[in-house]
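K.L.:
Structure in structure tokens, see below.
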Amino acid sequence: MIRRMSNRGRLVIGVLGSGKGSNAQAIFDAIREKRLDACVACVLSDVEDAFILERARRAGIPARFISAAPFRTKLEGEAERRYVEALREYGVEVVVLAGFMRIIKRGMLAAFPHRIVNLHPALLPAFPGMESWKQALEYGVKVAGCTVHFVDAGTDTGPILLQKVVPVLEGDTPATLHARIQEQEHVALPEALGLLAARRVRVEGRIVHCD
Ligand code: GAR
């Protein structure tokens with residue numbers, strides 16, 4: 001039996017991640033420090049020993065590994081159903097992909113229409129896909145950054161909520177550039193969720209308005 005969080009009208013977030021969870025931590029910290037008026041009802045991961053689950057447990061947030069097998073890069077079929085079911089059990093309104101390394105397919109999109117947001121480590125529409133900071137560096141761009149966007153049926157193509165820019169510096173390596181982008185991700189994600197929590201966001205086609 002799952003205990004739903006008492007949310008007193010606050011935005012109820014479910015976080016999905018596959019990795020170290022620094023962006024999930026940024027959300028937890030923003031809520032704890034009252035910079036974000038929302039609550040995280042659960043953290044789900046497709047990687048059993050992902051540190052994001054440990055971070056959630058330390059923050060007192062329900063954390064679950066849910067296998068996404070047999071697929072390697074997408075969430076579909078029975079696995080997708082298990083994720084949707086868990087998110088519903090926890091009363092999640094908005095699903096946040098914080099380093100969730102799988103493509104979201106139709107079933108999940110239909111279960112949470114316009115209510116799934118993704119964090120991407122590039123200034124979309126440039127450099128969708130994997131290791132975008134590396135792609136940016138190899139391309140030779142002079143600015144990079146991150147994007148928070150709604151998820152649609154494409155890969156990193158949905159309407160953009162918010163972006164942050166960082167410079168690409170002489171001597172940057174993939175690791176130094178990614179670290180600089182991540183600093184801004186930790187600002188961008190709570191800020192974007194703040195707009196959703198304040199119910200200020202309206203989507204018209206591709207355009208996201210913040211009233
Ligand atoms: C973040 O940099 C996020 O932008 C990226 O994974 C990292 C997760 O870090 N996501 C993608 O590349 C999605 N295509 P975290 O686990 O420390 O939050």
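K.L.:
Rounded to the nearest 5, what % of the DSSP beta bridges within the chain are antiparallel ones?
P.N.:
Numbers: 15 of 34 bridges.
Close to 45 percent.
K.L.:
Then there's this: Can you give the charge dipole size of the range 82-143 about its Cα centre, rounded to the nearest 20 debye, using +1 on the beta carbon of Lys and Arg and -1 on the beta carbon of Asp and Glu?
P.N.:
Once rounded to the nearest 20, the dipole reads 140 debye.
K.L.:
Over the Cα atoms of the chain, what radius of gyration and what Dmax do you get, in Å?
P.N.:
16.4, 54
K.L.:
Say the dipole of the chain comes from +1 at the beta carbon of Lys and Arg and -1 at that of Asp and Glu; which of Ala188, Asn7, Thr73 then lies farthest toward its positive end?
P.N.:
Asn7
K.L.:
To the nearest 20 debye, what charge dipole does the chain have about its Cα centre, counting +1 at the Cβ of each Lys and Arg and -1 at the Cβ of each Asp and Glu? Don't jump to the answer; show the numbers that get you there.
P.N.:
Working: 29 positive and 24 negative charges, 143 e Å.
In total the dipole reaches around 680 debye.
K.L.:
Also: Among 94-107, 73-86, how do they line up by average Cβ neighbours within 10 Å per residue, starting with the highest? Don't skip to the answer; put the middle values down first.
P.N.:
Details: 94-107: 19.9, 73-86: 16.4.
Descending mean neighbour count gives 94-107, 73-86.
K.L.:
Kindly provide the GluC sites (Glu not before Pro) of the range 103-211 that DSSP labels as loop, not H, G, I, E or B, and whose Cβ sees at most 10 other Cβ atoms within 10 Å. Numbers along the way, then the final one.
P.N.:
Working: sites: Glu131, Glu138, Glu170, Glu183, Glu185, Glu191, Glu204; in loops: Glu131, Glu170.
Passing both the DSSP loop test and the Cβ count: Glu170.
K.L.:
Quick one: which residues, 5 or more positions from Phe65 or on another chain, have an amide H under 5 Å from its amide H? H modelled 1.01 Å from N in the peptide plane, none for Pro or chain starts.
P.N.:
Here the answer is Ser45, since their amide H atoms fall under 5 Å of that of Phe65.
K.L.:
Still on this structure: Starting from the amide H of Leu123, placed 1.01 Å from N in the peptide plane, find each other amide H under 5 Å away whose residue is 5 or more places distant or on another chain.
P.N.:
Gly145
K.L.:
Using alpha carbons only, how many angstrom separate the centre of the range 158-203 from the centre of the range 19-73?
P.N.:
Each part reduced to its Cα centre gives a spacing of 18 Å.
K.L.:
On to the next question. Going by a ≥ b ≥ c, the root eigenvalues of the Cα gyration tensor, does the range 84-153 fall in the rounded group (a/c under 1.5), the prolate group (a/b larger than b/c) or the oblate group?
P.N.:
Working: a/c = 2.92, a/b = 2.78, b/c = 1.05.
Verdict is prolate for the range 84-153.
K.L.:
Still on this structure, please answer the following. So, for the range 1-86, what is the accessible surface per residue at a probe of 1.4 Å, expressed in square angstrom?
P.N.:
On a per-residue basis, the range 1-86 sits at 53 Å².
K.L.:
Which one, Ala111, Ser132, Ala41, projects farthest toward the positive side of the charge dipole computed for the range 1-136 from Cβ point charges (K/R +1, D/E -1)?
P.N.:
Selected residue: Ala41.
K.L.:
Would you mind getting me the FRET efficiency between Ala110 and Arg202? Use the beta-carbon distance for r and R0 = 30 Å, nearest 0.05.
P.N.:
Values: r = 21 Å, r/R0 = 0.69.
Once rounded, the FRET efficiency stands at 0.90.
The values are calculated or read from the model by the stated rules, or taken from the named source; none is laboratory data. Computed from a predicted structure; not experimentally measured. FYI the Cβ positions are ideal-geometry reconstructions off the backbone, even for glycines, and counts take in every protein chain you see. Remember, those area values only see protein heavy atoms, side chains included, never the ligands or the DNA or RNA. Shrake-Rupley method; radii C 1.70, N 1.55, O 1.52, S 1.80 Å.
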